[in-house]
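The values are calculated or read from the model by the stated rules, or taken from the named source; none is laboratory data. Everything quoted here is computed from the prediction, not taken from an experiment. Note that each Cβ is placed from the backbone with ideal geometry, even for glycine, and that neighbours are counted across all protein chains shown.
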């Protein structure tokens, strides 16, 4: 008997959001960066698969911390 676990609800998995093209452009402008300069996350990552992100998408990862509040990170979804 197999049961599926929703990894997005796990305590240690931060919130992942796929940015719209407009949001992605704004983020790149704010950080004066090109898309390929962002840290990468593979399309095979379980969270990437769970949210349906595709190669070329930019993800905003929101991590919560008791001491620092919320921190935002950005990752570019890439092929293997």
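Residue by residue, here is whether (1) at pLDDT 95 or above; (2) farther than 14 Å from residue 62 by Cβ holds:
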site: 11; (1), (2): no, yes
site: 15; (1), (2): no, no
site: 19; (1), (2): yes, no
site: 27; (1), (2): yes, no
site: 30; (1), (2): yes, yes
site: 37; (1), (2): yes, yes
site: 46; (1), (2): no, yes
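Which ones in the range 27-80 are touching a helix residue (DSSP H, G or I) at 6+ places or on another chain (Cβ under 6 Å) and exposed (fewer than 14 other Cβ atoms within 10 Å of the Cβ)?
Result: 46, 50.
Just the residues that are surrounded by 14 or more Cβ atoms within 10 Å (Cβ to Cβ) and in contact with a helix residue (DSSP H, G or I) (Cβ under 6 Å, 6 or more places away or on another chain), please, taken from the range 8-26.
Of everything in the range 8-26, those that are surrounded by 14 or more Cβ atoms within 10 Å (Cβ to Cβ) and in contact with a helix residue (DSSP H, G or I) (Cβ under 6 Å, 6 or more places away or on another chain) turn out to be 13, 16.
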